[in-house]
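Scroll down for the structure; my scribbles are underneath it.
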Amino acid sequence: MTYDPSDGLLAKTFPSLILASSSPNRREYLESLSIKVIQRPVLTDEKKKGNAEELTETNAKRKMDAFLKEYGKPEMDAISLDTLVSVDGKAIGKPKDRKDAENIIRMLSGRTHQVYTSLFLYDWREQTVKGGTDRTDVTFFSLSDEEIDKYIEKGEWEGAAGGYRIQKSGMDLIERIDGDWTNVIGIPVTLLLKLRRV
């Protein structure tokens, strides 16, 4: 199943959410689905080396643990997340600078990579924490240097795992998506709904 935002199910299930993240893009996406978002960023030491799937799970869990330690158990659902791109088993996070972003997009050009997002949900009604990880395979078109430069110039790479944003013009780079596209945004909606039902 892949989530269709037009059905409004997420907003019905989560009319409001605490987002344990400073990400403006995650907040913007959730608000576009008519969800009231309260951001409560937390500071954690994120692991940066290792298997992408394991890293996202470890980092997202650390964020949730830090959130509950700092804020206790609020009377509202809360989520923590972590997203990484993986190419040939190598984890790729957010570009350090413009040159790094350019190198990442060039590496992804004409290839299939994996996007992993781990999500932990604090269910305040049950006072439990549930988590999971989603994977989406993304294939880029073969991009010319001019196309790469044009995309990098837009600045969408800043703060984005893999150096692109699918919800913006990064979609123009993509030839094929296998899996939940909301996972590539960094909010795996299908997984979030599943965790509510588990």
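Provide the packing ranking of 131-141, 145-155, 178-188, 116-126, i.e. peptides ordered by the mean count of other C-beta atoms within 10 Å per residue, highest first.
178-188, 116-126, 131-141, 145-155
Quick check for me: using +1 on Lys/Arg Cβ and -1 on Asp/Glu Cβ, what's the dipole size of the chain about its Cα centre, in debye to the nearest 20?
Values: 31 positive and 33 negative charges, 137 e Å.
Here the chain has a charge dipole of around 660 debye.
Segment 21-55 to segment 117-139: how many Å between their Cα centroids?
If we compute the Cα centre of each part, the gap is 11 Å.
In square angstrom, what is the accessible area per residue of segment 38-129 with a 1.4 angstrom probe?
Accessible area per residue, segment 38-129: 54 Å².
Over 21 Å between Cα atoms: which of LYS69/LYS96; LYS96/LYS150; LYS36/LYS73; LYS49/LYS94; LYS130/LYS194; LYS12/LYS168 fall into that group? Don't skip to the end; give the middle numbers.
Details: LYS69/LYS96 30 Å; LYS96/LYS150 19 Å; LYS36/LYS73 18 Å; LYS49/LYS94 13 Å; LYS130/LYS194 10 Å; LYS12/LYS168 25 Å.
Check vs 21 Å cut-off fails for LYS69/LYS96; LYS12/LYS168.
The values are calculated or read from the model by the stated rules, or taken from the named source; none is laboratory data. This structure is a prediction, so every number in the text was calculated from the model and none was measured. Heads up, the Cβs are rebuilt from the backbone with ideal geometry, glycines too, and the neighbour counts pull from every protein chain shown. The protein model used for the area step is the full one, side chains on, heavy atoms only, and it has no ligands, DNA or RNA in it. Shrake-Rupley method; radii C 1.70, N 1.55, O 1.52, S 1.80 Å.
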